[in-house]
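Input: a single structure, listed below in structure tokens.
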Amino acid sequence: MLKKVFGSAVFGVEATTIIVEVNVDSGIGYHLVGLPDNAIKESNYRIAAALQNNGYKIPGKKITINMAPADLRKEGSAYDLTLAIGILAASKQIQAEDLDKYLIMGELSLDGGLQPIKGALPIAVKAREEGYKGFILPKQNAKEAAIVDGLDIYGIENIKQVINFFDKGDALEQTIINTREEFYKNLDFPEFDFSDVRGQEGIKRCMEIAAAGGHNIILIGPPGAGKTMLAKRLPSILPPMTLYEALETTKIHSVVGRVKDTGLMAQRPFRSPHHTISNVALVGGGSYPQPGEISLSHNGVLFLDELPEFKREVLEVMRQPLEDREVTISRAKFTVTYPSSFMLVASMNPSPSGYFNDPNAPVTSSPAEMQRYLSKISGPLLDRIDIHIEVTPVPFDKLSDDRKGETSVDIRKRVTKAREIQTERFMSSDVVHYNAQMNTKQIRKYCVLDDASKELLKTAMERLNLSARAYDRILKVSRTIADLEGVAMVNGSHISEAIQYRSMDREGWLG
């Protein structure tokens with residue numbers, strides 16, 4: 001007898017419905033076709049034990065299972081439940097008339113219990129698009145899938161519940177979530193706050209500008225100056241996520257199984273990979289492509305601590321995603337695209353010893369060591385970082401001051417107001433949403449300078465030996481500074497402040 005059960009496969013951040021055809025006929029054998037990987041091929045052992053421990057069995061007949069479309073590679077153990085229900089229905093051990101109305105996914109334990117799966121959210125989105133009535137999946141993933149309205153979500157703990165649902169008509173408990181309510185409930189304030197930072201008023205101002213315009217930023221300073229502490233607090237001043245951003249971010253994290261019990265991610269991601277990270281782990285890929293750190297940072301912050309310690313080839317593969325704000329991974333038979341619109345925050349010591357230009361430094365570095373150290377950061381990569389700022393150690397009197405600084409809440413209000421100005425400015429564009437994303441044409445349109453400002457910028461570039469690539473970056477940052485002040489025109493004071501944030505373009509840094 002032939003039965004069809006429906007599952008799903010995730011490629012990139014989108015799902016594709018998989019039709020599992022199970023045919024039980026006279027003879028002996030177990031044949032699984034349709035490009036399954038080893039985890040799926042091993043499923044018959046898990047299924048056999050799970051069925052036996054719940055009063056059922058794999059029939060001693062010829063079982064042929066086809067996973068269609070047959071030319072699409074399937075991976076993972078999430079098809080265990082799909083295959084098990086198909087075998088029971090095809091062997092007439094259960095009556096299952098409504099299999100075509102439900103999508104069924106789940107990894108089986110040997111006792112019939114269900115383990116969580118990856119990609120529950122994109123699968124639920126696809127199930128609703130294709131008109132399925134419900135989605136049956138492990139209970140651990142139920143909240144995540146229930147974000148999708150218009151689809152019945154049933155979170156189960158044991159295969160016996162699914163068997164009784166189809167065979168005896170027993171009711172399953174439906175998971176229902178008010179997505180908007182869940183979103184606003186999870187909008188708790190981040191753990192780290194700028195009020196904890198002593199001194200560093202100039203750096204806080206710089207971080208505020210970076211957050212307001214979505215600018216990439218690099219912090220340069222000796223060990224112990226507070227670079228990491230400042231970077232960790234950046235998400236606390238970024239504008240709150242919109243519901244669309246939350247859904248988009250949750251979808252990516254769902255693919256790698258990183259969504260927590262809350263279901264919907266309402267906090268901006270902050271990812272901080274170690275400098276030993278590989279190319280694939282950073283940008284994504286692999287035999288079965290998975291999102292990398294830059295995609296997991298989507299709508300949030302990617303922090304690269306001690307930037308020159310990263311392998312140069314690892315940093316170079318990040319250049320394209322920084323520009324395009326998405327990652328495309330191509331294989332012989334398919335191509336997947338992951339979104340990667342993030343703020344890059346990098347930190348580094350000014351020299352191998354960490355004490356460049358410090359007369360009291362215990363260790364100094366030779367010019368050759370300096371050049372070798374700084375050459376790990378290429379010009380094209382640096383070209384994609386709008387703000388360079390030097391961080392100096394906090395004096396003892398400020399460090400011991402008990403007075404708290406300005407809170408992240410207050411800073412975030414100004415940042416959010418500036419972002420609202422930019423949202424209105426770029427309303428007609430589907431690609432550009434804030435100042436850091438402006439192209440050359442938009443820079444010329446929205447960063448018009450008077451003669452005095454032009455002369456100031458020209459003088460600064462000549463006297464400070466700023467590179468040509470600094471020109472557009474200075475204009476973008478000055479536009480953000482003007483937005484924070486709420487003024488329409490960029491003036492000399494905005495240009496003057498923006499010039500200060502190009503430290504590494506000055507003579508003596510990168511050769």
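The values are calculated or read from the model by the stated rules, or taken from the named source; none is laboratory data. Note that the structure is a prediction, hence the values are computed from the model and not measured. Virtual Cβ from ideal backbone geometry, glycine too; neighbours counted across all protein chains shown. To get the accessible areas, we keep the full protein, side chains included, count just its heavy atoms, and leave off ligands, DNA and RNA. Shrake-Rupley method; radii C 1.70, N 1.55, O 1.52, S 1.80 Å.
In a simple Cβ point-charge model (Lys, Arg +1; Asp, Glu -1; nothing else charged), region 2-177 has a dipole of about 400 debye relative to its Cα centre. Cα centroids of region 48-83 and region 189-207: 54 Å apart.
The HN-Hα couplings worked out from phi for region 113-130 by the Karplus form 6.51 cos²θ - 1.76 cosθ + 1.60 (θ = phi - 60°) are x, 10, 9, x, 10, 9, x, 4, 5, x, 5, 5, 4, 5, 4, 5, 4, 8 Hz, whole numbers, x standing for Gly and Pro. The spacing between region 211-235 and region 244-276, judged by their C-alpha centroids, is 21 Å.
Working ranking of peptides 71-78, 331-338 by packing, defined as the average number of other Cβ atoms within 10 Å per residue, highest first, is 71-78, 331-338.
In the context of the full protein assembly, ASP261 retains an accessible surface of approximately 110 Å², using a probe radius of 1.4 Å and ignoring ligands and nucleic acids.
Of all aspartates and glutamates in the structure, those lying under 13 Å Cα to Cα from LYS139, and not within fewer than 8 positions of it along the same chain, are GLU107, GLU157, GLU173, ASP261. Between ALA49, ASN465, TYR446, the Cα set farthest toward the positive side of the dipole of the chain (charges on each charged residue's Cβ, about the Cα centre) is that of ALA49. The peptide list 61-70, 37-46, put in order of mean Cβ contacts within 10 Å with the highest first, becomes 61-70, 37-46.
In this simple spin-label model, placing a label point 7 Å from the Cα along the Cα-to-Cβ direction at both ILE176 and ARG73 gives a separation of 4.2 nm.
In the chain, the portion of solvent-accessible area held by carbon and sulfur atoms comes to 49 percent [1.4 Å probe, whole percent, DNA, RNA and ligands not counted].
Taken per residue, the accessible surface of the chain reaches 45 Å², heavy atoms only and a 1.4 Å probe.
Working from Cα positions, state the angle (0 to 90°, nearest 10) between the long axis of helix 470-485 and the longest principal axis of the chain. The angle comes out near 80 degrees. Sparse packing (at most 16 other Cβ atoms within 10 Å of the Cβ) combined with a DSSP loop state is found for the following GluC sites (Glu not before Pro) in region 428-511: GLU507. Which translational diffusion coefficient, to the nearest whole µm²/s, is obtained for the chain from the Stokes-Einstein equation, given a Kirkwood hydrodynamic radius over C-alpha pairs, 25 °C and 0.890 mPa s? Rounded, D is 95 µm²/s. Label zone of ARG128 (point 7 Å out along Cα→Cβ, amide N under 20 Å): in region 172-191 this covers 173-187. By the equivalent-ellipsoid construction on the alpha carbon gyration tensor, region 438-510 comes out with semi-axes of 20, 12, 11 Å, ordered largest to smallest. Computed about its Cα centre, the charge dipole of region 263-361 is approximately 400 debye, with only Lys, Arg, Asp and Glu carrying charge at their Cβ.
Each of ASP450 and MET1 was given a label point 7 Å from its Cα along the Cα-to-Cβ line. The distance between the two points is 8.6 nm. For the chain, adding -39500 (n - 2.57) for each run of n ≥ 4 DSSP H residues and dividing by the number of residues yields -10000 deg cm²/dmol at 222 nm.
Under the convention that each Lys and Arg Cβ holds +1 and each Asp and Glu Cβ holds -1, the size of the dipole of the chain around its Cα centre is about 600 debye. On a per residue basis, the convex hull of the C-alpha atoms belonging to region 171-280 measures out at 151 Å³. Its relative contact order, with pairs defined as Cα atoms under 8 Å and 6+ residues apart, puts the chain at 13 percent. Judged by the ratio a/c of the largest to the smallest principal axis of the C-alpha gyration tensor, region 185-413 counts as oblate, that ratio being 1.5 or greater while a/b is no larger than b/c. The mean sequence distance of close C-alpha pairs (under 8 Å, at least 6 residues apart), as a share of the length of region 251-301, puts its relative contact order at 41 percent.
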